[in-house]
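Structure first, commentary second.
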Amino acid sequence: MATEIRSFDLINKTQIPSLGLGTWQSEPGLVGQAVTAAVKAGYRHIDCAQIYGNEKEIGLALKKLFEDGVVAREDLWITSKLWCNNHAPEDVPIALEKTLNDLQIEHLDLYLIHWPVRTKKGTAGFKPENLLKTDIPATWKAMEALFDIGKTRGLGVSNFSSKKLGDLLKVARIPPVVNQVECHPSWHQTKLREFCKSKGVHLSGYSPLGSPGTKWLKSNVLEHPILTSVADKLGKTPAQVAIRWGLQMGHSVLPKSTNEARIKENFAVFDWLIPDDLFTELSKIEQARLVRGDFLVNDSYGEYKTVEELWDGEI
């Protein structure tokens, strides 16, 4: 197995960098510094979303990086996501234009439907009365129109189950090239991974470290004794092993950090590999989804009455 896994080929003939900087929960005042540190460390993939509330600061950092000649726009892969309250077809282009203005760029490399959930226009959060029934085909058609005029080089989805992805593939004129989902050694996404592979859809893994900074998640991925044991044997950190595991599994990985030392540490995963015997050890870690989406379900409102319905049983 080759150690260098710098990018993955997508079905639309583009190449997605294998390692990106996640920006979810990256605090104002820190996220710009994190993006700058990451690009200078070698990252060429920045994962954003309008709902993260930090795209303006990221845009300022990108503008300076471009102006200073640190990196050219064409050498950087920038992803963003359509939020749930902008699913109406007429709202999709407005949402993307805001993202492009905030990021101070003319196009995205990838635009994703953030969740297969729709909320009322102008609302925040997921109060039961704000949940609406989705019309993914109509939303997707509006995104295809943005692809047609060059506002994004690729389209994709996030948090879609095999069934939801399959339903979209049946009606899409321009097929999704990526499904971005939670993926780490404690949640392999085995069924979804195989489905994506069979359809030529690239799997991209968020929270590859188990999102240790998220207080409402009971996450101990990096503290799992099997992972820490493998890390000790390899002389690597648990985070590095978790990231390298994702690369060797064949999906792009999006670790988040605002700490410059850890940003650099997380990028030091290309000149070594996890040998087969230790890779097998990691497969013994018990499996559990962390980002369950309980906040998206309601037994009286919206489309999904249970978490199982949201994920179509992939839970």
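May I ask you to list the residues in region 258-277 that are open to solvent by 20 Å² or more (accessible area, probe 1.4 Å), touching a helix residue (DSSP H, G or I) at 6+ places or on another chain (Cβ under 6 Å) and either outside any helix (DSSP H, G or I) or under 21 Å from Leu234 (Cα atoms) (or both)?
So in region 258-277, the residues open to solvent by 20 Å² or more (accessible area, probe 1.4 Å) come out as 258-262, 264-265, 267-268, 271-273, 275-277.
Then drop every residue that is not touching a helix residue (DSSP H, G or I) at 6+ places or on another chain (Cβ under 6 Å), which leaves 258, 260, 264, 267.
Within region 258-277, Thr258, Lys264, Phe267 meet the criteria.
Out of Glu67, Glu106, I need the residue that is modelled with pLDDT of 95 or more and over 22 Å from Leu10 (Cα atoms). Which one?
From the options Glu67, Glu106, the qualifying one is Glu67.
Criterion first (in a loop (DSSP other than H, G, I, E, B), among the β-branched types (Val, Ile, Thr), under 23 Å from the mean Cα position of the chain (by Cα) and surrounded by fewer than 20 Cβ atoms within 10 Å (Cβ to Cβ)) does Val291 satisfy it?
Details: in a loop (DSSP other than H, G, I, E, B): yes; among the β-branched types (Val, Ile, Thr): yes; under 23 Å from the mean Cα position of the chain (by Cα): yes; surrounded by fewer than 20 Cβ atoms within 10 Å (Cβ to Cβ): yes.
Answer is yes for this residue.
Assess whether His188 counts as being closer than 18 Å to Lys284 by Cα, surrounded by fewer than 20 Cβ atoms within 10 Å (Cβ to Cβ) and touching a residue at least 60 places away in the same chain (Cβ under 8 Å). Spell out how you get there, then give the answer.
Numbers: closer than 18 Å to Lys284 by Cα: yes; surrounded by fewer than 20 Cβ atoms within 10 Å (Cβ to Cβ): yes; touching a residue at least 60 places away in the same chain (Cβ under 8 Å): yes.
Judged against the criteria, His188 is a match.
I'd like to know if region 112-122 contains one or more residues that are closer than 16 Å to Asp47 by Cα, touching a residue at least 40 places away in the same chain (Cβ under 8 Å) and not in a strand (DSSP E or B). Working first, answer last.
In the first step, residues of region 112-122 are kept if they are closer than 16 Å to Asp47 by Cα; the result is 112-115.
Retained after the next criterion (residues that are touching a residue at least 40 places away in the same chain (Cβ under 8 Å)): 112-115.
Applying the additional criterion that residues be not in a strand (DSSP E or B) yields 114-115.
Yes, because at least one residue in region 112-122 is closer than 16 Å to Asp47 by Cα, touching a residue at least 40 places away in the same chain (Cβ under 8 Å) and not in a strand (DSSP E or B).
Please specify each residue of region 222-256 satisfying the condition of being buried (at least 24 other Cβ atoms within 10 Å of the Cβ) and not in a helix (DSSP H, G or I).
His251, Ser252, Val253, Leu254, Pro255, Lys256
In region 65-111, which residues are basic (Lys, Arg) and part of a helix (DSSP H, G or I)? Write out each step before concluding.
Initially, region 65-111 is screened for residues basic (Lys, Arg), giving 73, 81, 98.
Within region 65-111, Arg73, Lys98 qualify.
How many residues are open to solvent by less than 10 Å² (accessible area, probe 1.4 Å) and farther than 19 Å from Thr14 by Cβ if we restrict to region 137-161?
Residues meeting the conditions: 4.
Hey, can you tell me all the residues within region 167-183 that are part of a helix (DSSP H, G or I) and open to solvent by less than 10 Å² (accessible area, probe 1.4 Å)? Steps first, please.
Taking region 167-183 first, the residues part of a helix (DSSP H, G or I) are 167-171.
Of everything in region 167-183, just one residue is part of a helix (DSSP H, G or I) and open to solvent by less than 10 Å² (accessible area, probe 1.4 Å), namely Leu168.
Residue check, Ser80 against (1) open to solvent by 40 Å² or more (accessible area, probe 1.4 Å); (2) within 16 Å of Leu110 (Cβ to Cβ), all met but one. Which one?
In the conditions (1) open to solvent by 40 Å² or more (accessible area, probe 1.4 Å); (2) within 16 Å of Leu110 (Cβ to Cβ), Ser80 misses (1) alone.
What pairs come out if I take residues in region 39-67 that are open to solvent by 50 Å² or more (accessible area, probe 1.4 Å) and pair them with residues that are of a type in the set (Lys, Arg) whose C-beta lies under 8 Å away, six or more apart or interchain?
What qualifies is Ile51/Lys81; Phe66/Arg73.
Is there a residue being open to solvent by 40 Å² or more (accessible area, probe 1.4 Å) and among the aliphatic types (A, V, I, L, M) anywhere in region 101-121?
No: zero hits.
Could you list, in sequence order, the residues of region 83-94 that are surrounded by 21 or more Cβ atoms within 10 Å (Cβ to Cβ) and touching a Leu at 6+ places or on another chain (Cβ under 7 Å)?
Across region 83-94, the qualifying residue is only Val92.
Has region 298-307 got at least one residue that is open to solvent by less than 40 Å² (accessible area, probe 1.4 Å), in contact with a strand residue (DSSP E or B) (Cβ under 9 Å, 6 or more places away or on another chain), touching a residue at least 24 places away in the same chain (Cβ under 8 Å) and at negative phi?
Here is the first cut: in region 298-307, the residues open to solvent by less than 40 Å² (accessible area, probe 1.4 Å) are 298, 302, 304, 307.
The next check asks that each one be in contact with a strand residue (DSSP E or B) (Cβ under 9 Å, 6 or more places away or on another chain); those that pass are 298, 302, 304.
Remaining after also requiring touching a residue at least 24 places away in the same chain (Cβ under 8 Å): 298, 302, 304.
In the following step, the residues that additionally are at negative phi were identified as 298, 304.
The answer is yes, given that some residue of region 298-307 is open to solvent by less than 40 Å² (accessible area, probe 1.4 Å), in contact with a strand residue (DSSP E or B) (Cβ under 9 Å, 6 or more places away or on another chain), touching a residue at least 24 places away in the same chain (Cβ under 8 Å) and at negative phi.
The values are calculated or read from the model by the stated rules, or taken from the named source; none is laboratory data. Fair warning: this is a prediction, and the values are worked out from it, not measured in the lab. No Cβ is skipped: glycine too gets one built from the backbone with ideal geometry, and neighbour counts run over all protein chains shown. Note: areas computed on protein heavy atoms with side chains; ligands, DNA, RNA excluded. Shrake-Rupley method; radii C 1.70, N 1.55, O 1.52, S 1.80 Å.
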